[in-house]
Amino acid sequence: MPNIPPPPPASEVAGLFVQELTPIGGSLVGSFFVGLIPLLLVLVLLGVFKVPAHYSSFAGLVTCIFIAIFAWHMPAQQCFESIGYGMVFANWPIMWIVVNAMYIYNITVRSGIFDLFRRWMLTYTPPDKRIILLIIGYSFGALLEGVAGFGTPGAICSSLMVSLGFDPLDALTYTLIFDTTPVAFGALGIPVTTLASITGLPVMKLSAMMGRQLPLLSLFLPMYALLFYAGPRAGLLECWPAALVAGLSFAIIQAIFANLVGPELPDLIAGIVSLVSIVVFVRFWKPKYRPEFHANFVSAAEDVEKGQNLQHAHQHEEKVQQEIEKHHDSHEIRHEEKVQQETEERPPSSPSSFEGSKDSKVDPNEYDDKEQPLNMDPPTLKEALLAWSPWVIIVVIVIIWTFAKVSEIGQVNVKWPHLHQEVYLTLYGKKYDAIWAFQPLATGTAILVGGVVYAALVLACGYKPCILYQAFFDTCKQLFFPILTVSFIMAFAYLYNYSGIVYTIGLTLSSVGKAFPFLSAWLGWFACFLSGSDTSANSLFGNLQVVAANQIGLSAVLMAATNSSGAITSKMISPQNLTTGVSTIGMQGQEGRVLRRTILHSIFMVCIVGAMACVQQYGIPGIIPP
């Protein structure tokens with residue numbers, strides 16, 4: 001059993017709420033399982049009962065309130081103050097970033113510039129979904145994560161992939177799987193700098209350690225995703241050169257910048273290099289042609305309709321399954337329903353769609369002009385520049401904004417009432433701070449400035465001003481439920497934190513002795529699932545990792561870095577990111593379907609990170625920065 005800190009002297013904690021580590025019968029293990037109830041409730045409601053994310057997170061929050069007050073004996077006032085603190089943080093800065101990024105995206109859709117970007121993608125790369133999966137889902141998504149993060153890449157990249165003919169569920173699933181290795185250095189390295197400030201460890205040591213873990217995942221992630229998307233033959237054997245170029249170029253740059261430069265630029269520069277490398281490579285090499293992976297140009301108006309049809313198809317699928325169970329010996333019914341389902345799910349044919357069939361006379365080994373969708377002329381230089389302009393503007397402004405430290409101008413540190421210095425953190429033996437750093441010029445404001453510049457460019461090109469209002473209303477409609485979900489889940493996370501429940505869970509997991517490097521990754525996984533953010537996961541358990549490492553005799557740098565590396569693997573199943581992802585592809589309320597598609601990948605990857613930490617600690621300790 002771990003060393004459980006003794007309760008402090010009464011004189012030291014007069015008037016404070018003292019977090020209890022073993023409130024359930026004095027048992028750490030019993031308290032651990034009670035503390036897991038709200039978390040498991042969210043998982044079960046989402047994944048088993050298919051309850052929408054905002055209802056699931058609200059149910060978890062309500063359950064957590066009762067457990068915090070009646071089991072952990074948290075005063076009701078401080079309970080609801082922590083909930084308010086979490087909701088405020090959820091909306092500023094987290095959703096402030098997402099709202100502005102989505103507003104820019106909606107301007108591109110309403111203006112038609114989004115179609116220019118898709119035309120560029122289909123005319124300058126092979127119209128093959130396997131290649132587009134690498135370019136948009138992996139490289140372009142990493143670029144967006146390096147700049148903004150907080151679920152933005154999932155929403156934008158999945159929408160773009162749906163517009164190129166991807167099934168909405170596939171598009172979001174693989175975008176979320178890809179949005180793992182860029183997360184630790186996302187938002188220009190904020191997770192790493194936060195971890196350094198929490199633990200007191202040198203930021204360059206943490207950056208270097210992560211740069212010796214994550215590139216290994218980055219290298220194989222494209223091949224891994226292609227294996228599951230297209231199968232062993234069409235995905236892995238036929239496309240491994242492109243996957244190798246995308247993964248190797250990203251991994252090398254990520255490792256170099258993380259070890260030699262710092263945490264701010266590894267993902268941003270690696271995303272750009274990977275994007276350019278794969279686009280140039282497929283100009284000279286193309287996989288064997290397969291009609292089932294031919295990308296189609298879907299109009300923006302059809303994007304949402306395709307996502308909505310997916311929900312109807314899923315409902316139909318359940319009815320079919322019920323019929324099969326009732327009439328299991330009737331093969332005709334099975335066949336009829338299957339044909340009907342395929343007919344309903346197949347997108348309607350259009351002049352711009354490619355019809356692949358056995359009778360097609362297309363050479364299966366090469367692409368030529370005849371295989372491009374009709375009316376698909378390459379964009380002119382002006383159109384290409386306009387197509388890429390929103391992303392270039394965001395990247396440039398956010399980089400300048402970050403390195404000039406504009407965010408710190410006008411910062412107000414708000415000491416949250418009834419929380420700041422009024423909660424005693426028993427595990428660390430100190431009073432708990434609760435300071436909300438309100439930054440009027442936060443990263444979300446930088447993206448808003450980029451949106452203003454981009455809007456001015458759009459109007460200068462002759463587009464009607466009404467598209468700005470239309471994009472605003474689109475954004476409000478898309479993000480209403482995601483804002484609710486993120487507010488509930490962050491309130492849940494902050495209540496978990498200030499009540500002390502999360503420290504009971506962390507202390508229990510740290511009691512495994514020499515097996516701790518493996519569970520170190522699971523601590524990060526748990527924290528990121530709860531908060532949806534690697535930054536929050538590092539704030540939550542970064543110091544616990546260091547305390548446990550010092551007690552057991554392990555490397556504090558390795559354990560802290562593994563917390564962040566493990567956290568990225570649950571990004572794909574966090575309600576915060578699921579609900580943001582479904583918001584733009586017509587799958588609102590279907591977060592549970594995405595969760596069931598991603599959770600096994602998440603568990604497999606966190607096991608890989610845990611095993612990697614064990615090898616580095618016990619097998620090759622020389623790899624750990626001194």
So residue 587, is it surrounded by 24 or more Cβ atoms within 10 Å (Cβ to Cβ) and under 13 Å from the mean Cα position of the chain (by Cα): no
Number of positions in region 442-463 that are in contact (Cβ under 8 Å) with a residue 12 or more places away in the chain and in a helix (DSSP H, G or I): 14
Hits in region 116-146 (condition: open to solvent by less than 10 Å² (accessible area, probe 1.4 Å) and hydrophobic (A, V, I, L, M, F, W, C)): 117, 121, 122, 131, 132, 133, 134, 135, 136, 140, 142
Condition met for residue 142 (under 30 Å from residue 499 (Cβ atoms) and part of a helix (DSSP H, G or I)): no
Helices (runs of 4 or more DSSP H) wholly inside region 475-566 containing at least 1 residues that are within 19 Å of the chain's Cα centre (by Cα), among the polar types (S, T, N, Q) and surrounded by fewer than 22 Cβ atoms within 10 Å (Cβ to Cβ): 534-552
Single residue of region 177-232 satisfying the filter (part of a helix (DSSP H, G or I) and among the hydroxyl-bearing types (Ser, Thr, Tyr)) that is farthest from residue 606 (Cα to Cα): 197
Residues satisfying the stated conditions in region 27-66, i.e. over 30 Å from residue 479 (Cβ atoms), out of contact with any Ser or Thr (no Cβ under 8 Å at 6 or more places or on another chain) and of a type in the set (Val, Ile, Thr): 34
Single residue of 549, 611 found to be touching a residue at least 12 places away in the same chain (Cβ under 8 Å) and touching a Ser or Thr at 6+ places or on another chain (Cβ under 9 Å): 549
Single residue of region 71-112 satisfying the filter (of a type in the set (S, T, N, Q) and under 19 Å from the mean Cα position of the chain (by Cα)) that is surrounded by the fewest Cβ atoms within 10 Å (Cβ to Cβ): 91
Qualifying residue in region 10-17 (condition: within 19 Å of residue 80 (Cα to Cα), out of contact with any Leu (no Cβ under 9 Å at 6 or more places or on another chain), assigned to a loop (DSSP other than H, G, I, E, B) and not hydrophobic (A, V, I, L, M, F, W, C)): yes
Residue in region 408-440 that is farthest from the chain's Cα centre (by Cα), counting only those that are in a loop (DSSP other than H, G, I, E, B) and among the hydroxyl-bearing types (Ser, Thr, Tyr): 426
Residue in region 178-196 that is over 29 Å from residue 105 (Cβ atoms), surrounded by 24 or more Cβ atoms within 10 Å (Cβ to Cβ) and of a type outside the set (Lys, Arg) present: yes
Residue count, region 441-467 (criterion: open to solvent by 10 Å² or more (accessible area, probe 1.4 Å) and of a type outside the set (Ser, Thr, Tyr)): 16
Breaking point among (1) modelled with pLDDT under 90; (2) open to solvent by 70 Å² or more (accessible area, probe 1.4 Å); (3) aliphatic (A, V, I, L, M), for residue 385: (1)
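The values are calculated or read from the model by the stated rules, or taken from the named source; none is laboratory data. Model, not experiment: these values are computed from the prediction. Here the Cβ is made from the backbone with ideal geometry for all residues, glycine too, and neighbour counts use every protein chain on show. Each accessible area value is taken on the protein alone, full model and side chains, heavy atoms only, with ligands, DNA and RNA left out. Shrake-Rupley method; radii C 1.70, N 1.55, O 1.52, S 1.80 Å.
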